[in-house]
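Written out below as structure tokens is the structure these notes cover.
The values are calculated or read from the model by the stated rules, or taken from the named source; none is laboratory data. Keep in mind it's a predicted model, so treat the numbers as computed, not measured. All Cβ positions, even for glycine, are placed from backbone atoms using ideal geometry, and neighbour counts span all protein chains on display. Quick note on the areas: whole protein, heavy atoms, side chains included, nothing else; ligands and nucleic acids left out. Shrake-Rupley method; radii C 1.70, N 1.55, O 1.52, S 1.80 Å.
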Amino acid sequence: MKDYLILGQGLAGSLLAWELIHSGKSVIVIDNGHITASSWVAAGLLNPITGMRMVKSVHTEAWLAAADVLYSQLEEALSVHIRHELPMWRIFTNTKQQQAWQERLDEADYAPYLSEIKPAEQAQPYHAELGLGEVAQTGYIDTKLLLTTMKDWLKQRQSYQQMDCDYSSIVMDKDGVGIGDINARRLIFCEGSRAVENPWFGDLPLTPVKGEILTLEHQQALPNVIANFGKWVLPVSPQQFKLGATYDWEHRDQVPTEKAKTHLLDELDKFTGSKLPVKVVEHEAGLRPNSRDRLPLIGGHPNQDRLWIFNGFGSRGSLMIPYYARQLRRHLLEGELLDADCDLARWRQS
Ligand SMILES: Cc1cc2nc3c(=O)[nH]c(=O)nc-3n(C[C@H](O)[C@H](O)[C@H](O)COP(=O)(O)OP(=O)(O)OC[C@H]3O[C@@H](n4cnc5c(N)ncnc54)[C@H](O)[C@@H]3O)c2cc1C
């Protein structure tokens with residue numbers, strides 16, 4: 001019998017498995033081949049300052065520090081280059097944003113992240129009449145490479161099984177929990193947006209939000225920065241960049257649509273003031289596992305002590321998951337308390 005069965009090998013399941021295995025626990029991860037993996041589609045952006053009001057979270061420093069430790073560990077141990085550091089240009093699209101940036105510059109805790117406002121000319125070939133600010137400590141995680149490398153690593157340790165798990169096949173007794181011939185003391189659900197169907201945790205405030213993203217080939221040289229203008233441009237090689245992402249609260253499928261493609265390309269045209277000669281080489285769609293308060297949903301089931309969940313990472317999984325994977329590992333193994341604002345108990349009170 002294994003110590004832990006993890007259902008889902010997205011970023012959450014992968015990084016949690018890594019933490020538990022490195023603490024000497026036996027783990028088996030089940031995944032259906034990333035059929036519904038938001039992590040597979042994600043751009044993997046790491047961005048500490050977000051939104052119209054240019055805010056950071058109270059946890060930002062802790063998230064960044066944990067991400068730095070865990071991604072460095074993975075890169076070294078698995079000999080892969082998954083983390084790419086790249087500055088982000090925040091290109092102001094209205095005066096409110098410019099003003100918010102200016103105000104943040106007076107706040108000491110924003111100093112490590114924000115540059116002085118730069119003039120429009122520096123944004124070439126992008127249009128930036130109101131100037132831009134540069135965000136530091138940004139970049140992206142190559143999530144596809146992380147998932148495939150982690151899957152191979154788990155397979156080598158006999159810690160991976162590919163199957164689509166039907167919730168009705170999960171059985172529990174006094175010793176543990178099983179799916180088919182796999183048995184473990186505890187099961188941790190890391191199934192992303194599919195958790196809305198989970199019979200034990202489906203009542204949690206998880207709202208999948210559909211997003212679409214394009215990979216484009218281009219001839220014109222682009223600056224090697226992430227350009228954020230509400231949508232974003234992420235150069236991933238000298239000839240290719242990603243363009244994203246849409247937010248669709250209405251649909252819960254993963255089908256790429258012409259509507260989203262046209263919208264993204266129109267936004268790019270507006271932003272460059274011309275038609276960049278681009279060729280669409282990939283168009284992907286996925287469902288972000290969003291929680292109502294944009295913070296994770298972590299913890300055990302109130303009546304079934306063998307069942308746990310690690311989910312709700314919304315559109316910030318790359319930045320948040322390393323910190324919370326470590327936190328859940330410490331909670332399970334050392335009894336350390338979970339942060340109150342990620343503990344799912346916050347939704348079970350009253
Ligand atoms: C278009 C788009 C752009 C994004 N961009 C970014 C970004 O730039 N930066 C960022 O940080 N985040 C981004 N995200 C969000 C990011 O993808 C998530 O925060 C994160 O990847 C969630 O990881 P997860 O492991 O919780 O879920 P998932 O990645 O969805 O993983 C769940 C896994 O479980 C498997 N699974 C589910 N149910 C079952 C079952 N019953 N049996 C077997 N396997 C099952 C799934 O196939 C999948 O492999 C983006 C998302 C989208 C859709």
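Checking the condition outside any strand (DSSP E or B), more than 6 Å from the ligand (Cβ to nearest atom) and in the same structural domain as Leu154 (by TED's automatic domain parsing), which residue from Ser23, Ser39, Ser57 passes? Show your work before the answer.
Working: Ser39 fails: more than 6 Å from the ligand (Cβ to nearest atom); Ser57 fails: in the same structural domain as Leu154 (by TED's automatic domain parsing).
Being outside any strand (DSSP E or B), more than 6 Å from the ligand (Cβ to nearest atom) and in the same structural domain as Leu154 (by TED's automatic domain parsing) holds for just one of Ser23, Ser39, Ser57, which is Ser23.
Taking the residues in the range 84-94 that are open to solvent by 40 Å² or more (accessible area, probe 1.4 Å) and at pLDDT 95 or above as candidates, determine which candidate is nearest to Met54 (Cα to Cα).
Initially, the range 84-94 is screened for residues open to solvent by 40 Å² or more (accessible area, probe 1.4 Å), giving 84-85, 87, 93-94.
Narrowing further to those that are at pLDDT 95 or above: 84-85, 87.
Numbers: His84: 22, Glu85: 20, Pro87: 16 Å.
Looking at residues that are open to solvent by 40 Å² or more (accessible area, probe 1.4 Å) and at pLDDT 95 or above, I get Pro87.
Checking Trp101 against (1) exposed (fewer than 13 other Cβ atoms within 10 Å of the Cβ); (2) assigned by TED's automatic domain parsing to the domain that holds Thr272, only one condition comes out false. Which one?
With respect to (1) exposed (fewer than 13 other Cβ atoms within 10 Å of the Cβ); (2) assigned by TED's automatic domain parsing to the domain that holds Thr272, Trp101 is out only on (1).
Please work out if Arg316 is more than 10 Å from the ligand (Cβ to nearest atom) and either open to solvent by 20 Å² or more (accessible area, probe 1.4 Å) or more than 22 Å from the chain's Cα centre (by Cα) (or both). Talk me through it step by step, then tell me what you get.
Numbers: more than 10 Å from the ligand (Cβ to nearest atom): no; either open to solvent by 20 Å² or more (accessible area, probe 1.4 Å) or more than 22 Å from the chain's Cα centre (by Cα) (or both): yes.
Taking the combined requirement at face value, the residue does not satisfy it.
Out of all the residues in the range 268-289, which are out of contact with any Ser or Thr (no Cβ under 9 Å at 6 or more places or on another chain) and in a strand (DSSP E or B)?
Matches in the range 268-289: Val278, Lys279.
Would you please name the residue that is least open to solvent (accessible area, probe 1.4 Å), looking only at residues in the range 280-306 that are among the charged types (D, E, K, R) and farther than 20 Å from Gly211 by Cα? Full working, then the answer.
Residues of the range 280-306 among the charged types (D, E, K, R): 282, 284, 288, 292-294, 305-306.
After this cut, where a residue has to be farther than 20 Å from Gly211 by Cα as well, the list is 305-306.
Numbers: Asp305: 112, Arg306: 51 Å².
Within the range 280-306, the match that is least open to solvent (accessible area, probe 1.4 Å) is Arg306.
So, of the residues in the range 42-54 that are open to solvent by 30 Å² or more (accessible area, probe 1.4 Å) and in a loop (DSSP other than H, G, I, E, B), which turns out to be farthest from the ligand (Cβ to nearest atom)? It would help to see each step written out before you state the result.
Step one: filter the range 42-54 for residues open to solvent by 30 Å² or more (accessible area, probe 1.4 Å), giving 42, 45, 50-53.
Subsequent filtering for residues that are in a loop (DSSP other than H, G, I, E, B) retains 42, 51-53.
Values: Ala42: 3, Gly51: 14, Met52: 18, Arg53: 19 Å.
Here the residue is Arg53.
Out of the range 225-262, which residues are touching a residue at least 40 places away in the same chain (Cβ under 8 Å) and among the small types (Gly, Ala, Ser)?
If the condition is that a residue be touching a residue at least 40 places away in the same chain (Cβ under 8 Å) and among the small types (Gly, Ala, Ser), then Ala227, Gly230, Gly244, Ala245, Ala260 are the ones that fit.
State all residues of the range 130-165 that are over 25 Å from the mean Cα position of the chain (by Cα) and acidic (Asp, Glu); if no residue qualifies, say none.
None; the set is empty.
Looking for something open to solvent by 40 Å² or more (accessible area, probe 1.4 Å) and either within 15 Å of the ligand (Cβ to nearest atom) or acidic (Asp, Glu) (or both) - is there at least one such residue anywhere in the range 269-278?
Taking the range 269-278 first, the residues open to solvent by 40 Å² or more (accessible area, probe 1.4 Å) are 270, 273-275, 277-278.
Narrowing the set further to residues that are either within 15 Å of the ligand (Cβ to nearest atom) or acidic (Asp, Glu) (or both) leaves none.
Within the range 269-278, not a single residue is open to solvent by 40 Å² or more (accessible area, probe 1.4 Å) and either within 15 Å of the ligand (Cβ to nearest atom) or acidic (Asp, Glu) (or both).
Any idea how many residues of the range 162-176 are touching a residue at least 24 places away in the same chain (Cβ under 8 Å), open to solvent by less than 80 Å² (accessible area, probe 1.4 Å) and more than 8 Å from the ligand (Cβ to nearest atom)?
So the answer is 2.
Which of the residues spanning the range 263-292 are out of contact with any strand residue (DSSP E or B) (no Cβ under 9 Å at 6 or more places or on another chain) and without any contact (Cβ under 8 Å) to a residue 60 or more places away in the chain?
Passing the criteria: Asp266, Asp269, Ser274, Lys275.
Check whether at least one residue in the range 117-133 is at positive phi and either among the β-branched types (Val, Ile, Thr) or not in a helix (DSSP H, G or I) (or both), and report yes or no.
Taking the range 117-133 and keeping what is at positive phi, we get 131.
Next cut, either among the β-branched types (Val, Ile, Thr) or not in a helix (DSSP H, G or I) (or both) only: 131.
For the range 117-133, residues at positive phi and either among the β-branched types (Val, Ile, Thr) or not in a helix (DSSP H, G or I) (or both): present.
Here are the criteria: (1) in contact with an Asp or Glu (Cβ under 6 Å, 6 or more places away or on another chain); (2) near the ligand (Cβ under 10 Å from one of its atoms); (3) of a type outside the set (Ser, Thr, Tyr); (4) more than 30 Å from Ile91 (Cβ to Cβ). Tell me which single one Phe310 does not satisfy.
Result: Phe310 fails condition (1) only.
Name the residues in the range 322-350 that are under 16 Å from Leu307 (Cα atoms) and charged (D, E, K, R), would you?
Scanning the range 322-350 gives Arg329, Asp343, Arg348.
Considering Val58, Val69, which residue is touching a residue at least 24 places away in the same chain (Cβ under 8 Å), aliphatic (A, V, I, L, M) and open to solvent by 60 Å² or more (accessible area, probe 1.4 Å)? Please lay out each step first, then the result.
Details: Val58 fails: touching a residue at least 24 places away in the same chain (Cβ under 8 Å).
Selected residue: Val69, the only one of Val58, Val69 that is touching a residue at least 24 places away in the same chain (Cβ under 8 Å), aliphatic (A, V, I, L, M) and open to solvent by 60 Å² or more (accessible area, probe 1.4 Å).
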